[in-house]
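Presented below is the structure to which this report refers.
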Amino acid sequence: MLLFLSLLILFTNSVVSGSDSDKSALLQFKTSISDPYGALSNWVSNGSSHCSWFGVTCDSNSRVSALNITGGGRGNSGSFSSSSCAKIAQFPLYGLGIRRNCYDSNVKLVGLISPAVAKLSELRVLSLPFNELSGEIPIEIWGMEKLEVLDLEGNGVTGSLLSHFKGLKGLRVLNLGFNAISGEIPNSLSGCMSLQILNLAGNRVNGSVPGFVGEFRDLQGLYLSFNQLSGPVPKEIGVGCTKLEYLELAGNSLIGGIPSSLGNCSGLRSLILYSNLLQEVIPVELGRLNELEVLDVSRNSLSGSIPAELGNCSNLSILVLSNLFDPLPSSEGDPYLGQSSSSDEFNFLEGAIPAEIATLPKLKMIWAPRVLSPGNLPSNWGSCDNLEMVNFGQNLFNGEISEAFTHCRKLHFLDLSSNRLTGELSEKLLAPCTTVFDVSGNALSGSIPRFNYTACPHIPSSSGYLFESYDLPSAYLSFLADKWKVGVPFIGDVGGRTVYHSFGGNNFTGDLQSMPIGLDTLGEQTGYAFLAVGNKLTGPFPGDLLEKCNGLNSMVINVSNNEITGQIPADIGSLCKSLQLLDVSGNLIAGTIPPSFGDLTSLVSLDLSRNMLQGPIPNNMGQMRGLKYLSLGGNNLNGSIPTSLGQLHSLEVLELYSNSLSGEIPKGLVNLSNLTVLLLNNNKLSGQIPPGLANVTTLSAFNVSFNNLSGPLPSKDNLMKCSSVLGNPLLRSCRMFSLSVPSSDSQTTVNSLDSSATPPSSPPPKSGNSSAFNSIEIASITSASAIFSVLIALIILFVYTRKWNTGSRIGGSTRKEVTIFTDIGVPLSFEDVVRATGSFNASNCIGSGGFGATYKAEISPGVLVAIKRLAIGRFQGVQQFDAEIKTLGRLRHPNLVTLIGYHASETEMFLIYNYLPGGNLEKFIQERSTRAVDWRGRAKEFFTAGLWDVGPHDDLVEVLHLALVCTVESLSTRPTMKQVVRRLKQLQPPSC
């Protein structure tokens with residue numbers, strides 16, 4: 001009995017001692033951090049038991065078993081109290097199975113993690129996510145024997161994972177996502193055989209994905225996205241993965257193929273692989289994943305056909321095969337992101353969507369723009385009870401739009417734009433119930449139906465999923481719909497519901513019908529865009545189009561380039577108060593401009609150009625104070641330019657060219673501080689050009705040619721030149737250049753008309769023959785341009801693969817060596833190149849492009865070469881070039897320019913090739929042509945008779961156009977070589 005009492009006393013003392021030790025350790029932890037919101041205010045030494053402190057959980061012996069303090073969230077002002085929640089919110093497609101809300105806490109801990117935490121010897125759970133903890137994880141924590149959960153997600157933890165540690169043998173959850181951890185994934189983690197969750201996403205982890213993760217038999221979630229991982233996806237992942245549910249490897253630089261062994265992961269629910277460098281085919285073995293809900297393989301370099309076996313994935317709801325919207329936010333200025341997001345979509349899959357996939361019963365979304373080779377649009381969609389979003393844009397699909405879509409009662413997003421679809425639209429389609437219905441850029445005919453409409457069975461919410469209970473399928477639906485919505489002008493960024501219906505670029509005929517929007521979607525928070533540009537629509541404007549307009553928050557109408565007649569209604573100002581954009585340019589509308597336009601105070605863009613309007617410009621147009629774009633050119637308007645236009649202080653573009661306007665240019669126009677384009681040419685204006693226009697600093701395009709202006713020409717740097725005032729013989733500064741009579745081809749040329757809802761530009765000039773170059777010249781220079789662009793890309797890719805080849809002598813050398821492929825008869829060294837280019841002096845620059853500048857270099861008397869100095873910052877690493885060279889390596893052409901040699905080091909890279917005299921192609925075209933080329937009308941002249949007779953005419957014209965756009969100066973509009981290759985593949989005949 002005495003012995004028992006002694007043991008009891010000893011045990012009690014031990015428990016008390018352990019409890020006191022835990023309390024002391026917690027207080028040490030508190031002193032190592034700051035607590036601006038006072039979450040730890042009850043952590044006091046002389047207060048209540050430490051087991052009642054905030055975030056502390058104890059076992060039955062008063063020993064601390066869990067420390068759980070979730071920070072982040074919003075402060076009292078409603079803004080994020082920590083950057084961690086805002087940072088993770090930028091990745092809406094991350095974290096199925098582990099993602100949680102972090103906005104319902106007014107807690108924030110700041111500082112270093114104290115090693116005293118390791119003194120909590122009974123601690124099982126250490127969970128401190130979404131705070132602002134920094135520094136490295138203390139070594140002592142890696143030695144904790146009983147710790148099962150280490151959760152520091154969303155902090156600022158730095159350093160690398162320990163390569164050797166003795167503890168954490170029972171660790172079940174290691175969640176270090178979205179910190180600043182660097183280095184490789186160490187082999188030491190292989191000892192944590194009980195791991196169920198491993199999350200290192202959103203760090204700077206490099207190296208490869210270790211094969212030992214396949215040995216974690218209890219692993220349920222592996223999250224390694226948004227790092228700098230490279231190498232292949234190890235096939236070992238699929239060895240013992242029966243419990244694996246979530247595999248996320250997006251946003252890395254992984255190469256090779258998708259392992260077929262993943263087909264063994266029978267419990268896999270999500271497979272997220274977007275934004276890598278994966279190649280080869282989609283494995284048929286993925287068809288064994290019966291539990292798979294989300295499959296995203298977009299933004300890789302996959303090829304081959306889509307396996308019909310995916311139709312066996314009976315729970316599949318989200319299938320993303322390509323994505324033109326980059327899910328990765330820009331890493332610029334963000335120290336937590338090591339992966340650049342400037343990548344393109346390079347997948348190119350063969351064949352059509354298998355019927356087995358289209359008829360999947362739980363399919364909610366299939367997203368596959370610009371990824372499939374020409375084929376037929378699926379005609380069988382099964383019951384499609386859950387189908388909500390379909391994007392097959394830019395795939396060159398043939399056939400008709402199936403009435404099977406009429407059974408898809410939840411379908412609210414249908415993008416079939418830029419294909420080759422024919423036939424007529426069925427009035428049974430649920431277009432009025434869709435938020436996006438885009439069939440533009442096809443060959444559809446007939447009339448735009450009124451569509452049979454009773455009530456919409458499903459209307460998607462106008463709110464997002466950003467901070468709601470996380471569900472990955474819903475996150476995909478919301479993310480892609482929101483990304484698409486942002487691109488809709490005027491209505492895509494105002495909040496609320498956006499409805500976009502585009503019928504442009506087809507062969508639709510008939511009158512304008514009532515806008516096809518369901519009454520269920522009308523409301524003060526709805527913005528609606530109706531686009532039917534470039535068809536053959538007739539009848540009066542606006543017909544029944546504006547019937548429902550006043551039930552909307554905002555309205556966009558573009559019916560330009562049709563054959564619409566009649567007059568604009570006198571009461572247009574009351575028919576559609578919510579109108580923000582109206583474009584009826586390029587039609588046959590007659591009559592006068594109604595003064596009630598001034599009542600459309602919401603109008604931002606108005607384009608009535610190239611019609612048959614006459615009479616004066618109403619003075620009360622100056623009431624549209626929000627107007628940014630006004631184009632009335634190409635009509636027969638008369639009278640003077642209203643002085644009230646000088647009150648449109650938001651105006652950026654004013655186009656009144658080619659009318660019969662008279663009087664003086666209003667002096668009030670000089671007050672338009674946002675004006676960038678002013679085109680008043682081809683009128684009957686008189687008087688002086690207001691001197692104050694020279695002070696409008698934003699003005700970049702100006703033309704008053706062919707009027708009766710007089711007086712001096714205001715000084716405006718390079719803007720107001722004599723070429724902008726031709727045909728004004730009384731202008732003193734330009735008399736020697738003036739023409740007394742305007743010629744038929746002297747109209748101002750601005751950009752060609754866009755077929756979107758964006759404001760169009762001035763009309764193209766009429767044909768002229770005086771300085772045009774012949775069809776052989778055009779065909780030669782455009783073909784040479786395309787070939788030369790392909791060559792430059794191939795050379796650059798070749799250089800990089802040589803540079804980073806471990807056997808290459810340049811890869812391991814910093815010496816200034818030049819590798820020579822072709823002997824030009826004189827020595828060619830690094831120093832020779834630098835000397836001949838004047839140290840790459842701008843005076844020797846003969847051109848520049850997306851890869852860098854090109855210099856003319858005379859190596860020795862009479863020996864000229866061209867030096868392409870590469871912009872190193874444009875390239876993102878070895879494996880990206882390895883992937884690209886495999887894509888472009890199949891291209892062969894006998895007329896490539898000669899690569900003489902190259903130099904590649906860490907600080908300088910350039911290519912040396914034979915010098916081709918003749919100047920810049922773009923300059924050559926501008927000097928030789930003053931007219932726009934009618935590609936389709938004269939295309940036959942650009943090809944040999946045999947080729948034109950046997951080739952598809954549309955495809956040949958497309959190749960010619962593709963060659964020309966490769967020469968444009970702007971990187972934002974010039975296609976990448978990947979895009980060129982993809983387009984050529986799409987145009988490739990089946991027999992090739």
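The values are calculated or read from the model by the stated rules, or taken from the named source; none is laboratory data. Because the structure is predicted, anything quoted here is derived from the model rather than measured. Cβ coordinates were reconstructed from backbone atoms using ideal geometry, including for glycine residues, and neighbour counts include every protein chain displayed. What goes into the accessible areas is simple: the full protein's heavy atoms, side chains included, and nothing from ligands, DNA or RNA. Shrake-Rupley method; radii C 1.70, N 1.55, O 1.52, S 1.80 Å.
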For the table 119/166; 536/577; 816/868, the rows whose alpha-carbon distance is greater than 18 Å are 536/577
Non-local amide H neighbours of residue 280 (under 5 Å, H modeled in plane, Pro and chain starts lacking H): which ones? 303
Rounded to the nearest 20 Debye, what is the dipole magnitude of segment 103-187 about its Cα centre when Lys and Arg each give +1 and Asp and Glu each give -1 at the C-beta? 240 debye
For segment 236-293, the accessible surface attributable to carbon and sulfur atoms (probe 1.4 angstrom, ligands and nucleic acids excluded) amounts in percent to 48 percent
Just the accessible area per residue of segment 101-212, please: how many Å² with a 1.4 Å probe? 34 Å²
In square nanometres, what is the average projected area of the Cα convex hull of segment 232-311? 4.4 nm²
Residues whose placed amide H lies under 5 Å from that of residue 400, excluding near-sequence neighbours: 422
Percent accessible area from carbon and sulfur atoms, segment 579-701, protein chains only, probe 1.4 Å: 49 percent
Please give the per residue accessible area of segment 368-454, computed with a probe of 1.4 Å over protein heavy atoms only, in Å². 33 Å²
If you take the C-alpha gyration tensor of segment 67-198, multiply each eigenvalue by 5 and take the square root, what semi-axes do you get, largest first, in whole Å? 25, 16, 14
Scalar couplings 3J(HN,Hα) for segment 538-554 by Karplus 6.51 cos²θ - 1.76 cosθ + 1.60 (θ = phi - 60°), nearest whole Hz, x for Gly and Pro, are 10, x, x, 9, x, x, 9, 4, 9, 4, 9, 4, 6, x, 10, 7, 8
Please list, in order along segment 428-439, the HN-Hα scalar couplings obtained from phi with the Karplus expression 6.51 cos²θ - 1.76 cosθ + 1.60 (θ = phi - 60°), rounded to whole Hz, x for Gly and Pro. 7, 4, 8, 4, x, 9, 9, 7, 10, 9, 10, 10
Per residue, in Å², the accessible surface of segment 570-652 once ligands and nucleic acids are set aside, probe 1.4 Å: 32 Å²
Rank these by accessible area, largest first, 1.4 Å probe: 485, 410. 410, 485
Residue pairs, from the table 364/485; 362/428; 243/410, whose Cα atoms sit over 26 Å apart: 243/410
What does the accessible area of residue 657 come to, in Å² to the nearest 10, when a probe of 1.4 Å is used? 10 Å²
Entries of 108/169; 684/721; 87/108 with Cα pairs more than 27 Å apart: 108/169
